[in-house]
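Q: Have a look at the structure that comes next, please.
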Amino acid sequence: MPGIFSRIVNGELPCYKIAETKDYLAFLDVFPLRYGHVLVIPKKETDYIFDLDPAEYTGLMDFAKHIAGAIKKAFPCKKVGMSVIGLEVPHAHIHLVPINSVADMNFSAEKLKPTQEELSAHAEKIKTYL
């Protein structure tokens, strides 16, 4: 059975899409650490990011870099933090989070609960900078 991210890729589940290519997809985390928190995934279902072949890995990082630039403009911050944890969903993914301090990347902290309207607005805001 396909995982949640593959179901998003296949259009079976909705997402707040930021950008998409033939091989990669970026969408908002619906329970973000900070507003503007984006997930970047390869469309090919691969559990562990380091199991991606070199071209897929490099492509994912290049795609994430492009998305991070738009996040930084849409949600002004000192940096866009990047994290790869990979325990909560068995599909390789990168978290891109606008941060002003290390505490902004605390995955143990209580997550934000934005409304659908806020998520739609945040997605559109990021997309204007792509």
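The values are calculated or read from the model by the stated rules, or taken from the named source; none is laboratory data. What you see is a predicted model, and the numbers here were worked out from it, not measured in a lab. As a convention, Cβ positions derive from the backbone with ideal geometry for all residues, glycine included, and neighbour counts pool all protein chains shown. Ligands, DNA and RNA are excluded from the accessible area calculation, which covers all protein heavy atoms including side chains. Shrake-Rupley method; radii C 1.70, N 1.55, O 1.52, S 1.80 Å.
Q: Please specify each residue of segment 44-75 satisfying the condition of being under 13 Å from the mean Cα position of the chain (by Cα) and either β-branched (Val, Ile, Thr) or under 14 Å from HIS91 (Cα atoms) (or both).
A: LEU60, ILE67, ILE71
Q: Among (1) farther than 17 Å from VAL40 by Cα; (2) assigned to a helix (DSSP H, G or I); (3) touching a residue at least 24 places away in the same chain (Cβ under 8 Å), where does ILE67 come up short?
A: Evaluating ILE67 over (1) farther than 17 Å from VAL40 by Cα; (2) assigned to a helix (DSSP H, G or I); (3) touching a residue at least 24 places away in the same chain (Cβ under 8 Å) leaves (1) as the failure.
Q: Just to be sure I understand, how many residues within segment 77-130 are closer than 17 Å to TYR16 by Cα, open to solvent by 80 Å² or more (accessible area, probe 1.4 Å) and β-branched (Val, Ile, Thr)?
A: 1
Q: Let me ask something additional. Run GLY86 past the list (1) at pLDDT below 95; (2) part of a strand (DSSP E or B) and report the number of the one that doesn't hold.
A: Looking at each condition in turn, GLY86 falls short on (2).
Q: Pairs only if they're at least six apart or on different chains, beta carbon under 8 angstrom, first in segment 100-114 and in contact (Cβ under 8 Å) with a residue 40 or more places away in the chain, second open to solvent by 60 Å² or more (accessible area, probe 1.4 Å) and in a helix (DSSP H, G or I); list them, first residue then second.
A: These pairs meet every condition: ALA109/ALA103.
Q: Quickly run through segment 1-43 and pick out the residues that are in contact with a helix residue (DSSP H, G or I) (Cβ under 7 Å, 6 or more places away or on another chain), more than 22 Å from LYS113 (Cα to Cα) and open to solvent by 60 Å² or more (accessible area, probe 1.4 Å).
A: If the condition is that a residue be in contact with a helix residue (DSSP H, G or I) (Cβ under 7 Å, 6 or more places away or on another chain), more than 22 Å from LYS113 (Cα to Cα) and open to solvent by 60 Å² or more (accessible area, probe 1.4 Å), then ASP23 is the only one that fits.
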